[in-house]
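Here's the structure, in structure tokens; my notes come after.
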């Protein structure tokens, strides 16, 4: 099963400490047991545990990050997201992927495996970078640049790239019923060319009746459930 995260072991330590507070509202209120795939040092799960009664499992391929996460979460496994790990089947009310699927060779297979792990009525929550993001388009279309960086939409360890429409297609093709798809981390105008860019975008989006509304968001968050078996 080719869901292995590639290149994570080259990341600096601070990368694994990302808290992702903007993702907290997407975890269902009735979730009692959650799996955080690619949990890093467990900061996200730790925040959840501070505000609600919840059992959190973490899965992290980088050994040093997993060791730290084990001091914050209830159960932590050091390894890839793969059936060979033998996670408990049908027991997780929510499985979370915070910017993880794009690092996988075959994210579709990861979505397939997630179905096996979800409890009845369980939810998958996934944050996925948007390659149609305004800054990426500016660099590609107007400056002829497609340069990989250490983190962000063009992270050099990303193996797959998605737009809002391709995210929807992937989840639907794997038999998920989407409850919502929401843009997060919207572009923030800055002095100089970036402010000009933001102004030009707003005009173009207004003139096109919102056709370009998706390009302002760095990521999209999907909340979905597995379709009931026929």
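Quick note: the coordinates plus some simple rules give every number you see, no bench work behind them. Nothing here was measured: the structure is a model prediction, and the numbers come from that model. Here the Cβ positions follow ideal geometry from the backbone for every residue, glycine too, while neighbour counts run over all protein chains shown.
Going from the residue with the fewest nearby Cβ atoms within 10 Å to the one with the most, 146, 57 rank 146, 57.
Residues 36, 150, 99, ranked from the fewest to the most other C-beta atoms within 10 Å, line up as 150, 99, 36.
Label sites at residue 51 and residue 74, each approximated as a point 7 angstrom past Cα along Cα to Cβ, lie 1.9 nm apart. Its convex hull of Cα atoms gives region 17-97 a direction-averaged projected area, equal to a quarter of the hull surface, of 4.8 nm².
Going from the fewest other Cβ atoms within 10 Å to the most, the residues 70, 127 appear in the order 70, 127. Both radii were evaluated on the Cα set of region 42-188; the Rg over Rh quotient, with Rh as the Kirkwood radius, amounts to 0.98.
Note on residue 30 and residue 116: with the Förster distance fixed at 25 Å, the Cβ-Cβ geometry gives a FRET efficiency of about 0.75. Counting every pair of alpha carbons in region 54-132, the share spaced more than 21 Å apart comes to 27 percent. Annotation: Cα Rg of region 82-122 relative to the compact-globule expectation 2.2 N^0.38 Å equals 1.14. For the pair region 121-188 and region 55-100, the centres of their Cα atoms are 23 angstrom apart. With a Förster radius of 25 Å applied to the C-beta separation of residue 143 and residue 186, the computed FRET efficiency comes to 0.70.
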